[in-house]
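Okay, structure first, notes after.
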Amino acid sequence: MRAVGAAAGAALIGAMVAGCGSSTPQAAPSTTVAPKAVLPSPNTIGLCGGVSEADIAQQTGLSDPQRVSVNPVSCAWQASGGTDYAVVFHWFRGSSLDERRSQVTVGKPATVQVAGQPGIEWQDAASCEVAVAFGDTDFIDWTVRHTAVGCKGVEQLAAATLKQAGQG
């Protein structure tokens, strides 16, 4: 008896489902998903901008720079025996390069191109800062203080970071 009841119930459900269909095939609703912007990941830029202490020494003229602060988006080096940061790298995530233009007080901002990317450079008699666009929503920033070398070495550090990340 239970088998007959179960069979009747299954037949009734089958009839209800069949009644919902139509003989005319209908197209599946179309859904278009806009592609998401590809954001740089923490692995895109190597730790500390992907540069070594030897690179820092070569590009800034500092003798034996020592990395004294490190995290995934910021690093600092000081000259051997120094007490103040001499070189600083920052990766500003989700921040516009244009916003950065008005935030720096060291000298007047100048527009530069570094490894084909737009950037901004500030300098005074003893320091230089270079900020360069990285992707659509980020920028990297290299600052060197107490340097007699000027900004060319700082631009080279930024170019090395971009190249290591596949953007230069």
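The values are calculated or read from the model by the stated rules, or taken from the named source; none is laboratory data. Small disclaimer: the values here were computed from a predicted structure and weren't measured. We place every Cβ from the backbone using ideal geometry, glycine too, and count neighbours over all the protein chains shown. Note: areas computed on protein heavy atoms with side chains; ligands, DNA, RNA excluded. Shrake-Rupley method; radii C 1.70, N 1.55, O 1.52, S 1.80 Å.
Overview of results
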| item | result |
| --- | --- |
| Nitroxide proxy distance, nm - points 7 Å out along Cα→Cβ at K163 and H146 | 2.8 nm |
| A110 versus D84: modelled label distance in nm, points set 7 Å from Cα along the beta carbon direction | 2.3 nm |
| Extension gain from S102 to E53, taking 0.36 nm per residue of separation minus the Cα-Cα distance | 14.6 nm |
| Largest-first ordering by accessible area, 1.4 Å probe, given options S102, S127 | S102, S127 |
| Integer Hz, Karplus 6.51/-1.76/1.60 couplings in order for region 133-142, x for Gly and Pro | 4, 9, x, 7, 10, 10, 8, 9, 9, 10 |
| Solvent-accessible surface ranking, highest first, for F92, F134 at 1.4 angstrom | F92, F134 |
